Amino acid sequence: MQELSIIIPTWNEEENITKIVERIHAALSSHIITYQIIFIDDYSTDRTTDVIENLMSVYPIELFLKEGNKGKAQSLIEGFAHAKYDLLCMIDGDLQYPPEAIPEMVKLIKNGVDVVVANRKEKQTTMIRTYISNCYSLLFNKLIHNFDCDVQSGLKVFRREIIERIHLQSGQWAIDLELLIKAKNAGYKIVNYDIIFAKRDNGKTKINLFKASWEIGVNALLLKFRQAEVIPFHPKREITHGKGFHYKGKSFIHHSRLTINEMAFFRLDSKQKLILICMSILFAFSLCIFHCLLRFCNSHQL
């Protein structure tokens, strides 16, 4: 039997809560998937939390009020910490992503995949939103980060151990690309699952399209130039493979208790690189001074 923790960030979604819970329950129960739904409410001002509390007596639901800064990214990070099952699902609460896709995405995980991304094959959204999304996908996902998946999709299913191995630094919206980059660097397999992205029927969109696009784009550029992390094996993997780590998607086994800084994996650490750069600059500056002095002496001899 499969077990799944579903994290749903909410902010003023009172009109959609009951429908998404009922659709999740129908989809997962028909496939005999045990689940928990974790709502992280982001300071809603409508009846969102009241609706959730009324459903808690009927469905396996937990409600947590946001502790950190506003924004979907922080809500997801807090939700991951409350998950009790080994598979995680993140889905938006506006019903634009179909909960009926979750069982098939879980099946892909069962067959050996590590991350399944809901690919918005058809989008029932405004022309400008579709255009911006397609431009972002081409520029940042494919050209800069070489991802052939719908990175910013709000529906993903993945193994919990990924979150246990990596550290996510959230902005207000930007978490998806970092999650996938680090999952890829940690040696996990990522695949797509095609869905239809529906229009929003109830409630108002919470995203400021241009502000979010700016943040996500800047974050994508910063991630490109950030040093890839050394990601230690999960304790479960250590039992079968021994001590080791992943780096840029490749696994390294060292069978020792040394930290990465105590090993010779990197030829130079950041402090040594800084010293070397400073010495190189000083050496180049010295050569310039020597050259100027030499020319001055030669000119005076003449």
To the nearest 0.05, what FRET efficiency results for residue 189 and residue 214 with a Förster distance of 25 Å applied to their C-beta separation?
-> 0.20
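Please compute the length gained on full extension between residue 82 and residue 122, using 0.36 nm multiplied by the number of residues separating them and subtracting their Cα-Cα distance.
Additional length available on full extension: 11.1 nm.
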Would you kindly state how much longer the chain becomes between residue 34 and residue 53 on full extension, computed as 0.36 nm times their sequence separation minus their alpha carbon distance, in nm to one decimal?
-> 4.8 nm
Using unit Cβ charges (K, R positive; D, E negative) and no other charged atoms, how large, in debye to the nearest 20, is the dipole of the stretch 2-226 about its Cα centre?
-> 860 debye
Taking a label point 7 Å from the Cα of residue 18 along Cα-to-Cβ, the residues of the stretch 42-58 whose backbone nitrogen sits under 12 Å from it are 51-52, 54-55
Working out 0.36 nm times the residue gap between residue 139 and residue 278, then minus their Cα-Cα distance, what length gain in nm do you get to one decimal?
-> 46.5 nm
Cα→Cβ-extended label distance, 7 Å offset, between residue 285 and residue 202, nm | 6.7 nm
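For residue 223, what is the net charge nearby, where nearby means another residue's Cβ is under 15 Å from its Cβ and Lys, Arg count +1, Asp, Glu -1?
Details: positive: 142, 182, 184, 224, 226, 248; negative: 176, 178, 215, 229.
Value of the local net charge: +2.
Only the coordinates and a few stated rules stand behind these numbers; no lab work does. These numbers come from a predicted model, not from an experiment. Neighbour counts run over all protein chains shown; Cβ positions are idealised from the backbone, glycine included.
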